[in-house]
Amino acid sequence: MNILSFRTLLICGSSMIALAGTSAAQVVSQQVDMSDSTAVQETIVVTGTRGQGRAALESSAPISVLDSKELSDLGFGDLSRAMMYVEPSINYPRAATTATTANSRPITLRGLSPDQTLVLVNGKRRHATSILNINNTVGRGSAGVDFDILPTTSVQRVEVLRDGAAAQYGSDAIAGVVNVILREADQGGMAFVQGGVTEEGDGGNVIVGGWAGHKLADDGFVTLSGEYRNQDSTNRANIDQRFDRVTYQIGDPDIEVGSLAINAGLPFLQGELYGFATVSRKDSVNPAGFRTPDNAPEIFPNGYLPKINAVVTDYSVALGWRKEWDSGWLFDLSNTFGSDKAEFSVFETVNRSLGESSPTEFNSGAVQYEQNTTDLVLSRAFDSLGAGGNVAFGAQYRHESYKSDEGQESAFSGSGADGFAGFSPAFHGSRGAIAGFVDVEFRPVEPLLLSGAVRHDDYDDFGSATTWRAAGRYDFTDWFAIRTSVGTGFRAPSLQQQQFQLVSGALNSSGQLTTVGTLPVDHPVAQLLGAQSLQAETSDNFSAGFVVRNGNLSFTADWFTIDIDDRIVLSEQFGGQDVTDILLAAGITNFQQVRFFSNATDTTTEGYEFAFRWNGDLTEDAKLGLSLGYAHSETDLKTLRPNVVLPSQPYLQNRSITFLTRAQPEDKATVEADLDFGAVSLQANGTWFGPYDFSGFGNTLVQEIRDKIVIDLSGSWQINDRISLNAGVQNIGDTYPDQPVFNSLGPIIAATGGSFPSGEETPIGLNGRTYFVRLSASF
């Protein structure tokens, strides 16, 4: 941690102590006491229903509730990592050396792709990142939602619906839905400062944040939240056997993030005017792979490690009005706009084709994604119909745009800036989509809940999709119920997959310039090589399970299967004499290797999930909460269609297939314990990550990486009514993923000199044991 970070930590900590010590205000909290595991499960959730909401354990589909205390107790600075350690179905791969995934932090659900999970904020569709993953990591070819830019202080809870819900919410909800509920308070607040460092002495970080609630008029509220995080990089690269020194940087990137959020509601025209907004700026630097001294000896005689700088500016604004009419109908009209722009530069590198005159720093251009969504929903409860019911119908219009700004010419000309050549030529695309839906819930008798939904989405660039869902639940007793759901889903090809274009040069082993293109499917070169218009992915979902609950104990078990047809994948690079001949016949000589997106695969994902919660009083002053979770998901490739133009070159080779099916742990278990006694509380988390597959750089070798257990411990002391002190150790066992071991012919050794301590699929990262301390003040 640098001196500035320590000064920030000391100044903010001193300020908060003074603030808390002089404030005469009483500590006010409108939040549920989330240290009570029963309270968590009895929280009224709004995900998966258009009705008035119900407790998570009363739903006809599995829903997890991750509360703010649970997510913050163990001191993780980013929301993605916190969710992974408390929810077994969520994974968070942490790539280190790629231009895309190292700078964007999406999650995966049930082992599927990041873009197959729909993310909502306060029930409204969240925009995706502008950064498309075109690298060889988990989620290859996808653009998910970057959770790293949401301030954790703004989160009241996260609801995770683990079931297909496209008929209720539209595209992307194949694996499920993650709904981030923002904090809602009209008084009180909290501020904190946190610092941390790894056992190795790197990765120093400081986090400063807080929230404050204020009353608007008589019944309105506004809650402001903010957070600043500065984190130094970590490096766990091995000694490069070729040069007898460390040449790579493999770990977390340097990162600086500032984020703000506002959530508000105000009585207006006998209804409620509501709105929320988030804004953030993230500045991160991560390295590419080491370039050996023979690449640019005149500029970097000892070799060089290109550094990629991504500056991401993201914001979202939602405004809506809802009112319940005298007839009982609830009217809700809203509009949500979101934008994500990533500006790239690369430094400590060269453009080899420019020789000794090459700059060592380049502007690589930018990409920007925007989304505007208008929602209209009408719903009404019918309490007198059977044992009750609810009807909802509505419409949605969504407009999206995606574009790039071209980088400087020296970044993309010739062989391009080594590490990240940048965007050329510039591209721009947009589209609109309109949808309508009907959603019904009905209780013929009190123990039986039936629900169904039908939705039709029409896109102006690829066509339409109609989806449906039916679900049911029967409570045999107050403590035992069964539940099931069946339905269809879809995921529209993202605008990023439709429009992305990147053309760069590379010098081959003979010093000749080779042009490599990642092209949209409507590009003439891509169409000559077999590209076809992208269609929506379609899915069939089925789940069944049961719920047991008795007082402060609950247990749930669910089985599921997800069949996905026409999955959209990024192809391998097509090249060689076959490609040259086809392009020459059309008079094209400026492309040698080309890749593009295709609906090339069908997959099946099957699995099961268990969740157990218990809380109780050990003594008059001591309370214990326990939760255990387990998730198994297994994805198999059913079909890999050939490219009819290039039948000898498959769309996906072994490494890409591994990312799709086996690069994430199929098994994962979490154990949480929370012990409170008076002013002191202790928290412990244990997470077991099952084995997963690593595929080497040569597309031939696959190795199973063994399972690992990570244990995190923390404790807190409520010093007085306002001030608390938290400290903890993450990964107390200093656990690292296994290093892939290949024989002397193994390509990972030849390519990197054995520098990589692990593949970039690892969910536990490479930081090892890490310490943190946090000082908080309530007001």
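The values are calculated or read from the model by the stated rules, or taken from the named source; none is laboratory data. In this text, all values refer to a predicted model and were calculated from it rather than measured experimentally. Counting neighbours? That spans all protein chains shown, and the Cβs are built from the backbone with ideal geometry, glycine included.
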Could you list all residues from region 577-602 that are assigned to a strand (DSSP E or B), touching a helix residue (DSSP H, G or I) at 6+ places or on another chain (Cβ under 8 Å) and crowded, with 21+ Cβ neighbours inside 10 Å? V594, F597, T601
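In region 74-115, what count of residues is obtained for those that are hydrophobic (A, V, I, L, M, F, W, C) and under 30 Å from D418 (Cα atoms)? Working first, answer last.
Within region 74-115, the first condition is being hydrophobic (A, V, I, L, M, F, W, C), and the residues that meet it are 74, 76, 79, 82-84, 86, 90, 95-96, 99, 102, 107, 109, 112.
Those left that are additionally under 30 Å from D418 (Cα atoms): 95-96, 99, 102, 107.
Final tally of qualifying residues: 5.
Of these, S64, S104, which one is over 22 Å from L224 (Cα atoms), within 13 Å of the chain's Cα centre (by Cα) and small (G, A, S)?
Details: S64 fails: within 13 Å of the chain's Cα centre (by Cα).
From the options S64, S104, the qualifying one is S104.
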Odd one out for R50 among (1) charged (D, E, K, R); (2) in contact with a Ser or Thr (Cβ under 7 Å, 6 or more places away or on another chain); (3) surrounded by fewer than 24 Cβ atoms within 10 Å (Cβ to Cβ): (3)
Restricting to region 307-318, name every residue that is at pLDDT below 95 and either surrounded by fewer than 18 Cβ atoms within 10 Å (Cβ to Cβ) or not in a strand (DSSP E or B) (or both). none
Residues to consider are E348, E409, E356, E400; find the one that is of a type in the set (D, E) and under 26 Å from D332 (Cβ atoms). E400
Against the definition (closer than 30 Å to T580 by Cβ, small (G, A, S), at pLDDT 95 or above and out of contact with any His (no Cβ under 9 Å at 6 or more places or on another chain)), how does A526 come out, yes or no? yes
Checked against (1) touching a helix residue (DSSP H, G or I) at 6+ places or on another chain (Cβ under 6 Å); (2) within 30 Å of I482 (Cβ to Cβ), F542 satisfies every condition except (1)
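Filter region 319-371 for residues that are in a strand (DSSP E or B), of a type in the set (S, T, N, Q) and farther than 23 Å from L266 by Cβ and give the result.
Within region 319-371, S339, S345, N351, N363, S364, Q368, Q371 qualify.
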I'd like to know if region 668-675 contains one or more residues that are touching a Gly at 6+ places or on another chain (Cβ under 8 Å), of a type outside the set (V, I, T) and surrounded by fewer than 16 Cβ atoms within 10 Å (Cβ to Cβ). yes
Is one or more of the residues making up region 38-61 modelled with pLDDT under 75, among the charged types (D, E, K, R) and touching a strand residue (DSSP E or B) at 6+ places or on another chain (Cβ under 6 Å)? yes
Answer with yes or no whether T605 is within 22 Å of Q664 (Cα to Cα) and either polar (S, T, N, Q) or free of Cβ contacts under 8 Å to residues at least 24 places away in the same chain (or both). yes
So T556, is it of a type outside the set (A, V, I, L, M, F, W, C), more than 28 Å from F659 (Cα to Cα) and either part of a strand (DSSP E or B) or at pLDDT below 95 (or both): yes
I need the full set of residues from region 699-739 which are over 17 Å from E200 (Cβ atoms), among the acidic types (D, E) and assigned to a loop (DSSP other than H, G, I, E, B), in order please. D707, D721, D738
Go through (1) out of contact with any His (no Cβ under 8 Å at 6 or more places or on another chain); (2) within 30 Å of R162 (Cβ to Cβ) one by one and return the number of the condition D578 breaks. (2)
Can you name the residue in region 519-576 that is touching an Asp or Glu at 6+ places or on another chain (Cβ under 9 Å) and among the charged types (D, E, K, R) and, of all such residues, is farthest from Q496 (Cα to Cα)? R549
Could you check, for region 233-242, whether at least one of its residues is of a type in the set (V, I, T), at pLDDT below 95 and within 25 Å of Y315 (Cα to Cα)? no
Check region 681-697 and report whether any residue there is out of contact with any helix residue (DSSP H, G or I) (no Cβ under 6 Å at 6 or more places or on another chain), surrounded by 17 or more Cβ atoms within 10 Å (Cβ to Cβ) and of a type in the set (S, T, N, Q). yes
Region 202-254 - residue that is under 26 Å from G765 (Cβ atoms), without any contact (Cβ under 8 Å) to a residue 60 or more places away in the chain and touching a helix residue (DSSP H, G or I) at 6+ places or on another chain (Cβ under 9 Å) and, of those, surrounded by the most Cβ atoms within 10 Å (Cβ to Cβ): G209
Among the residues in region 172-181, are any in a helix (DSSP H, G or I), of a type outside the set (G, A, S) and closer than 30 Å to E441 by Cβ? no
Inspect region 658-667 for any residue being at pLDDT 95 or above, under 28 Å from L71 (Cα atoms) and in a strand (DSSP E or B) and give the result as yes or no. yes
